[in-house]
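The values are calculated or read from the model by the stated rules, or taken from the named source; none is laboratory data. Since the model is a prediction, treat every value here as computed from it, not as a measurement. Cβ sites come from the backbone with ideal geometry, for glycine too, and all protein chains shown count toward neighbours. Ligands, DNA and RNA are excluded from the accessible area calculation, which covers all protein heavy atoms including side chains. Shrake-Rupley method; radii C 1.70, N 1.55, O 1.52, S 1.80 Å.
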Amino acid sequence: MSVELAVSPRGPYSLALSARLAGDATRRVRDGVVTALLEVEGRRELARAAQSPDGTVTIRAPSAAAAGRLRWILALDDDHSEFLRLVRDDSLLGRASRDLRGLRQVRTATVAQSLLRAVCGQLVDWATARAIERRVIRGLCARGPEGLWVAPTTPSLAEAAPSHLRRLGLHERRSAALVRVCRSVELERLHDTPTDAVVRRLERERGLGPWSAGVVCLQGLGRTEHGLVGDLGLIKLLRALRGRPVEAWETAELLAPYGRWAGLASVYLLVGLARGLVPVSTSRAA
């Protein structure tokens, strides 16, 4: 039995743009097709998604559960048209919102993977962080077909020895924080917890902070309210805008005007900055 699901995304959506850097140990993006290994209802299933010229995203999977899961991961139903209207004339995001209007944040298959991604990404560049994450997943999780691994779960990370995580490349303090959190809370239950409470819970942990909470909210829970406060790219942007060294906490001021869209604004600022779509010199002069 197989399922084919044709989805018309709500609002502007580009799979190619959104999934441009979505490949990791659990999924692959090749020739416009996203292939993900998902663990649903006790089964490991491969689900695939591709977008046709008319905008329809077709998902093929062995079960409706896997197809629905990939639909959520790709954020197909999360219309961000309100955000695009909000920033249409914004001095920083106006051009980026027009050129990148189909961009959305692709999510991780589990909340546990988003937490792992957060601790791997602290104070290192994107490529190094993704390499560490890949080693940890391959070292702890089951391998499936087509060279993909299942995403980590709260129990699989809770059972890991911090010393093993260190051997896989994760810093000692971050290894301890990851295991400690996974042993104290079932991360999937955070889907039922308000964003503010999630942020407070995570920030109480040594070794975690606003940026880690932002990664979990954006990529693990699909929330847009909490931005990537302290992101190195946003620090670089704010330093250019203010013409002086800045502290990580100051990036919260950069994101504050975007309100409940602060998380998505973080994504647009970072991608826009990388593509030369954020007018740093013009904004600084203004």
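List residues of region 178-201, by number, whose backbone nitrogen lies under 20 Å from a label position 7 Å along Cα→C-beta of residue 159.
Only 178-189 pass the distance filter.
State the dimensionless ratio Rg/Rh of region 156-244 (Rg: radius of gyration of Cα atoms; Rh: Kirkwood radius).
1.04
Please report the carbon-and-sulfur percent of the accessible area for region 2-85; probe 1.4 Å, protein heavy atoms only, DNA, RNA and ligands left out.
For region 2-85, the apolar C and S fraction of the accessible surface comes to 47 percent.
Per the Kirkwood definition applied to all pairs of different Cα atoms, how many angstroms is the hydrodynamic radius of region 127-204?
With all distinct Cα pairs of region 127-204 included, I get 13.6 Å.
Ordered by packing density, taken as the mean number of other Cβ atoms within 10 Å over each peptide's residues, highest first, how do 133-140, 34-41 rank?
Going from most to least packed, we get 34-41, 133-140.
So, for region 153-253, what is the accessible surface per residue at a probe of 1.4 Å, expressed in square angstrom?
48 Å²
Tell me the Kirkwood radius of the chain: reciprocal of the mean inverse pair distance over distinct alpha-carbon atoms, in Å.
One over the average 1/r among Cα pairs gives 19.4 Å for the chain.
Considering only 255, 17, 264, give the residue with the highest GNM mean-square fluctuation for the chain, with springs between Cα atoms whenever their separation is below 10 Å.
Looking only at 255, 17, 264, the largest GNM fluctuation is found for 17.
Label-point separation (nm) for residue 54 and residue 123, each offset 7 Å from Cα along Cα-to-Cβ?
Here the modelled spin labels are 5.3 nm apart.
Taking only the Cα atoms of region 47-125, how large is their convex hull per residue, in Å³?
Convex hull of Cα atoms, per residue: 146 Å³.
Report the relative contact order of the chain, percent, no decimals, based on alpha-carbon pairs under 8 angstrom and at least 6 residues apart.
17 percent
Return one whole number: the accessible area per residue of region 1-52 in Å², for a 1.4 Å probe.
51 Å²
Using Cα springs under 10 Å in a Gaussian network model of the chain, which residue among 63, 163, 18 shows the largest mean-square fluctuation?
163
Taking Cα centroids, how far is region 50-125 from region 151-225 in Å?
21 Å
Loop only per DSSP, at most 13 neighbouring Cβ atoms within 10 Å: give me the trypsin sites (Lys or Arg not before Pro) in region 183-286, ordered by residue number.
204, 206, 275
I need the calculated FRET efficiency for the pair residue 98 and residue 77, taking r as the beta carbon distance and R₀ as 22 Å, to the nearest 0.05.
0.45
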